[in-house]
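The values are calculated or read from the model by the stated rules, or taken from the named source; none is laboratory data. Note that the structure is predicted; figures quoted are calculated from it, not measured. Reconstructed Cβ throughout: ideal geometry from the backbone, glycine too, with neighbour counts over all protein chains shown.
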Amino acid sequence: MTPFCLLILEREKARTAGETQRSTLAMLPVLMWRSVKKPIVLGPLLGVVLSAIGIKMPDLVLAAIKPLGLAATAAALFLTGVILSARQLKINSMVISSTVTKLLIQPLLAWGIVMLFGLHGTVAITAILMIALSAGFFGVVFGNRFGVQSPDAEAVLLLSSLLSIVNPLATHFSL
């Protein structure tokens, strides 16, 4: 989802700057290049390619970068908290419907897909629980970097994070 989020933000940045009046479809190649060339997209993409062709990182490199990965996760969550604390969040129908979709409808759809494909055990449980997690914070953090504030997205992030603690579907499927 990261490349798509960046693509949308790049489109809005181009439109705001008056770079073009063309349609999104006409701008797509340029927008895709702008979003894909960012390290946040290139790094995971490179990791997937190297893993797919069987190249593994040396243990020494893994040991050296593991603390950086752990610190990055904590820093990203801290940054999200700082961004959210600077905003006055308002609950409206869009926030409520998005939160309900994220915490109830998406896990139910995941359950249906799990049942459709006949998955069982830890794979099925993990798939449903991963979908039942709160909304992601990338959009809020990326939007902040591009100067875009989305009060609804920020409120959904906060509300879904709080409610995911007591999400009945997550509790049911983990038992």
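Here are Ala132, Ala86, Ala74, Ala110: which of them is under 30 Å from Ala17 (Cα atoms) and of a type outside the set (Val, Ile, Thr)?
It is Ala86.
Provide a single number: the residues in segment 34-65 that are assigned to a loop (DSSP other than H, G, I, E, B) and touching a residue at least 24 places away in the same chain (Cβ under 8 Å).
Total meeting the criteria: 1.
Are any of the residues in segment 86-93 part of a helix (DSSP H, G or I), over 20 Å from the mean Cα position of the chain (by Cα) and assigned by TED's automatic domain parsing to the domain that holds Gly136?
Yes, there is a match, as at least one residue in segment 86-93 is part of a helix (DSSP H, G or I), over 20 Å from the mean Cα position of the chain (by Cα) and assigned by TED's automatic domain parsing to the domain that holds Gly136.
Restricting to segment 126-146, and then to whatever is free of Cβ contacts under 8 Å to residues at least 40 places away in the same chain and in a loop (DSSP other than H, G, I, E, B), can you tell me which residue is farthest from Ala14 (Cα to Cα)?
Going through the qualifying residues, I end up with Leu133.
When residues of segment 17-32 are filtered for being surrounded by fewer than 11 Cβ atoms within 10 Å (Cβ to Cβ) and within 14 Å of Phe4 (Cα to Cα), how many remain?
So the answer is 2.
Just to be sure, is Thr80 touching a residue at least 24 places away in the same chain (Cβ under 8 Å) and surrounded by 13 or more Cβ atoms within 10 Å (Cβ to Cβ)? Walk me through it before giving the result.
Working: touching a residue at least 24 places away in the same chain (Cβ under 8 Å): yes; surrounded by 13 or more Cβ atoms within 10 Å (Cβ to Cβ): yes.
Yes, satisfied.
Yes/no per residue for (1) surrounded by 11 or more Cβ atoms within 10 Å (Cβ to Cβ); (2) closer than 27 Å to Ser35 by Cβ:
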position: Ile65; (1), (2): yes, yes
position: Leu84; (1), (2): yes, yes
position: Pro107; (1), (2): yes, no
position: Gly118; (1), (2): no, no
position: Thr126; (1), (2): yes, no
position: Ala135; (1), (2): yes, yes
position: Leu158; (1), (2): yes, yes
position: Ser164; (1), (2): yes, no
